[in-house]
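All remarks here apply to the structure that follows.
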Amino acid sequence: TETVPATTVVPSSVVTPTEPVTPIIKIRNVVRNGGFEAGFQPNELGYHWKGFNNGNADFSYHIDDWPLVVPEGEYAQLIEIKNAQEPDRYFGIYQTVHVLPGEDYAFSMQGLVRTNTGNVDETSYGYRMEVGVDLDGARNWEKVDNWVELPWDEQLRVQDSFRFDVYTETLTAKTDQITIFIRAWKKWADSGEGDYDVDDIQLVGPVLVKPPAPEIPVTGDSPTIWDNIRVWATVALLLLLVAGALWRFGWKKT
């Protein structure tokens, strides 16, 4: 029997397998929309944040764009409590972020507390802010047992300038998630109103970042202008041959 030689197919391009992408560690703020510049939900709570309260008061979130009370950027988150029917009314926000277990993270935020009197002696320190953390990433604010009362004394609601207070602390991650809780606290049952502005919320530390995959190298020559000229010249020659054959055929018939 006759042996037919195998046909060798030469590909026009050869794709080289890529190396696996290895994540790298960078230092970043892991809080999303901590400056509230990324926008707000319909209830005027910043995107990526969730809220909580313990009832029996009037609670509302507001977009605060008054430059005098916005420490960074164009917007801050305003948390408002008024008309408390019971003492110790709480209204807050929280966010769960991804971290690396065992690593240290620097938490910081700016803000201020405003009331009609602007005087802690007159209100008996009735309007305060607190920060709490769940190092396991849980989302139940009522089970947080490490609330820190911030030394942010209230200021008059409307005035020509304000003092921006700052709070910082270092957190060590236990798991791959941390939940940050920030709450406004109205201590007394009365019709008074507290306006609590928060902004520039950060939790800065190491995160895993997956770099973009390298481009796939492709071998083989790309078509050049001379390749295109040769193609069109071949087409033109074929058209001339066909036209000549038709002309000769018509001449013979005559």
Among (1) farther than 25 Å from GLN155 by Cβ; (2) open to solvent by 40 Å² or more (accessible area, probe 1.4 Å); (3) part of a strand (DSSP E or B), GLU86 falls short only on (3)
Check segment 134-147 and report whether any residue there is more than 21 Å from the chain's Cα centre (by Cα), part of a loop (DSSP other than H, G, I, E, B) and among the small types (Gly, Ala, Ser). no
Output the qualifying pairs, or none if there are none: Cβ atoms under 9 angstrom, residues six or more apart or on different chains, first residue in segment 53-81 and part of a loop (DSSP other than H, G, I, E, B) and at pLDDT 95 or above, second residue open to solvent by 20 Å² or more (accessible area, probe 1.4 Å) and of a type in the set (S, T, N, Q). GLY55/GLN85; ASN56/GLN85; ALA57/ASN83; ALA57/GLN85; PRO71/GLN110; GLU72/GLN110
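Let's see how each residue does on (1) touching a residue at least 60 places away in the same chain (Cβ under 8 Å); (2) open to solvent by 20 Å² or more (accessible area, probe 1.4 Å); (3) of a type in the set (S, T, N, Q):
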position	(1), (2), (3)
HIS98	yes, yes, no
TYR105	yes, no, no
TRP147	no, yes, no
LEU156	no, yes, no
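Give segment 107-126 a look and list any residue that's surrounded by 19 or more Cβ atoms within 10 Å (Cβ to Cβ), among the polar types (S, T, N, Q) and in a strand (DSSP E or B), or say none.
GLN110, THR115, listed by residue number.
The values are calculated or read from the model by the stated rules, or taken from the named source; none is laboratory data. What you see is a predicted model, and the numbers here were worked out from it, not measured in a lab. For neighbour counting, all protein chains shown are included, and Cβ atoms are generated from backbone atoms with ideal geometry for every residue, glycine included. The protein model used for the area step is the full one, side chains on, heavy atoms only, and it has no ligands, DNA or RNA in it. Shrake-Rupley method; radii C 1.70, N 1.55, O 1.52, S 1.80 Å.
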